[in-house]
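I have placed the structure first, in the form of structure tokens, so that the comments after it can refer back to it.
The values are calculated or read from the model by the stated rules, or taken from the named source; none is laboratory data. Given the structure is predicted, the values throughout are model-derived calculations rather than measurements. Backbone-built Cβ (ideal geometry, glycine too); neighbour counts: all protein chains shown. Ligands, DNA and RNA are excluded from the accessible area calculation, which covers all protein heavy atoms including side chains. Shrake-Rupley method; radii C 1.70, N 1.55, O 1.52, S 1.80 Å.
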Amino acid sequence: MSQPRRTSRRRAWTALTLPALLCVLAACSATPATGGGTDAAGPARDASPTPTGPPGTLFDNFDYTGADDPSFAAHGWEIRTGGGGPGIKDTWSADGAAFPSDPTAKGGKALRLRSSTDGTEQGTTQAEVQTTSRNFFTGTYAARVHLADKPTSGRDGDHVVQTFFPISSADSSENYSELDFEYLPNGGWGSVGPQLDNVSWYKADPPDRVHNTLERRLGGWHTMMITAMDGKVTYSLDGKELFTSSGKYVPREQMDIHFSNWLIDLPFTGGPRTWDMKVDWVYYKADEAVSQADVQKTVDGFDTTGTDYINTVPKP
């Protein structure tokens, strides 16, 4: 189980026509649940970090030309390049983030996070992308994520962790909050894997958390959801509830959203290998529990209208 986390097209979202906007708004106003585009380039536009759209909503399908696309930063994203952990410390690199074409992703592109290693610290890079805005709290978090069971190249056997999680900005926060999806195809920390861990945190140091482990191989695309409402947190995978935490193991402050692909340790040398994790889209709805079916309906509506990005979540 995990350790604490810390020691496009060039156009932005295009305004919808009134009928299309009403359609998307209808899709986003689904009844709260109790259970668990095209790839053709359009004309360049100035990035709009807060376009008009359904209130309290973040949506991004990662349709960017690259990490240097001005829209990527304008839309509130950054690639981690600093030091610290988890995993192999001080190996975070911007080289691991890219936006290749992918016919299996909505809009024809995906965010790819690549970690690589030759079994040495000097030959290791890890990849993480995160929001720059820390204004995500209660509500529904969802992402379509492609998990890898095998390396893209090189020998298998690394203890890799592929993750989607909202988290507090600092380990030392008095109201520390963290909600994790973590996939370990080869296990780690003494387990053999494959496994999907869901972890709800109360404190980072010393660690105080509750968790659930699903022992199953999950290579391929999956819709991951975290619903934090009414004093409980529910984790769901492809519409099936996996785990619920409550009591003190719920969000207590606003968080930022992260996707990360990293290595627990370096179990062997003997040649380079790469591990790829992909993200098709991410969605957040503030202060509402949204079912997986209604999340998918909303995302499909955005795709139909050519909507690549929306952020109407209130600023902190």
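Here are some notes:
- Residue satisfying all of: in region 87-123; β-branched (Val, Ile, Thr) and within 24 Å of Gly220 (Cα to Cα); modelled with the lowest pLDDT among these: Thr104
- Considering (1) in contact with a Ser or Thr (Cβ under 6 Å, 6 or more places away or on another chain); (2) in a loop (DSSP other than H, G, I, E, B); (3) hydroxyl-bearing (Ser, Thr, Tyr), the lone condition that Ser71 does not fulfil carries the number (2).
- Look at (1) under 19 Å from Asp60 (Cα atoms); (2) not in a loop (DSSP other than H, G, I, E, B) and you find that Val290 fails only one, number (2).
- The listed residue being within 29 Å of Gly107 (Cβ to Cβ), surrounded by fewer than 17 Cβ atoms within 10 Å (Cβ to Cβ) and among the hydrophobic types (A, V, I, L, M, F, W, C), out of Trp221, Trp262: Trp221
- Trp281 falls short of the stated requirement of being open to solvent by 40 Å² or more (accessible area, probe 1.4 Å), of a type outside the set (Ser, Thr, Tyr) and within 26 Å of Arg80 (Cα to Cα).
- Selection within region 149-175 - open to solvent by less than 10 Å² (accessible area, probe 1.4 Å) and farther than 12 Å from Asp256 by Cβ: Asp158, Val160, Val161, Gln162, Thr163, Phe164
- Residue in region 229-250 that is open to solvent by less than 10 Å² (accessible area, probe 1.4 Å), in a strand (DSSP E or B), of a type outside the set (Ser, Thr, Tyr) and under 26 Å from Ser71 (Cα atoms) present: no
- Among residues of region 107-133, those that are acidic (Asp, Glu) and not in a loop (DSSP other than H, G, I, E, B), counted: 1
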